[in-house]
1. Please give the length that would be gained between residue 37 and residue 176 if that part of the chain were fully extended, namely 0.36 nm times their separation in residues minus their C-alpha to C-alpha distance (nm, one decimal).
2. Calculate the FRET efficiency for residue 115 and residue 140 from the Cβ-Cβ distance with a Förster distance of 22 Å, rounded to the nearest 0.05.
3. Quick check: residue separation of residue 54 and residue 83 times 0.36 nm, minus the Cα distance between them. What number comes out in nm?
4. Suppose R0 equals 22 Å. What FRET efficiency, 1/(1 + (r/R0)^6) with r the Cβ-Cβ distance, do residue 147 and residue 61 give to the nearest 0.05?
5. How much length, in nm to one decimal, is gained on full extension between residue 193 and residue 73, taken as 0.36 nm per residue of separation minus their Cα-Cα distance?
6. Taking a 27 Å limit on the Cα-Cα distance, which of the listed pairs 51/83; 50/102; 115/150; 78/194; 115/200 fall beyond it?
Amino acid sequence: MSVQTDQQQPEKEKEKEALSAENGGKSGGKIVWPPAAVRGMTTLDVEAFKKRISVPFVMTTTRQIGGIRKRLSPLFLKMPCFKPMVLVVAADAGAESENRHKIYLHPDRMPEVEKAVQEVQPSLIALNSSSSAENDSEQQFIGYEDITLKYENFSHHDVFRAILPATVEPISGFSTIGHLLHLNLRDEALPYKKIIGQVKRGRSSI
């Protein structure tokens, strides 16, 4: 986990710009999106979908989690096989200790995230120590943690949109008979029939 100070923020902004540049095409500059290298893939390689990103988070207490969740829930980082809210058990088991909750927010919605965090700031835990902040205005409430996105973190719709050309609609219809999956493909999707079958077969429940 890494908490960004004021001095680190310019470097973080440069990193975000680099990530946006990497995610061209259909991604529209999204950070939470498969790597650009998967475009045109015809045989599924799940390792190629790994991508390191920096995710904003805030911390709050169990007593405050209800109100925080109500305000920040639309901005949670929601994706398959990922929990946007994690319980952090207090290291001190004494009577004064209280469990904390780490909430991961969507890096593609930072203007909204920053506004919402400012609104609920009194209910959040400052991430920088009191010794490093001379007054409340210097307290940091948004931290950043590096995580690795994997193939299972993307829906099959996003996988298709990331690997296929914009003009290709992968599936016009499908049916399942027992363990068999029957796909109806458009002519322009035929060169990608192998990977379409691989993705759909593995994600039929999504």
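1. Difference between extended and current length: 46.9 nm.
2. Efficiency, from the Cβ-Cβ distance: 0.85.
3. On the way: separation 29, 0.36 × 29 = 10.44 nm, distance 1.55 nm.
Full extension from residue 54 to residue 83 adds 8.9 nm.
4. 0.40
5. Between residue 193 and residue 73, full extension yields an extra 39.4 nm.
6. Distance filter (> 27 Å) returns 115/150; 78/194; 115/200.
Rule-based calculations on the coordinates, nothing more; no lab input. Predicted, not measured: the structure shown is a model, and the values here were computed from it. Cβ sites come from the backbone with ideal geometry, for glycine too, and all protein chains shown count toward neighbours.
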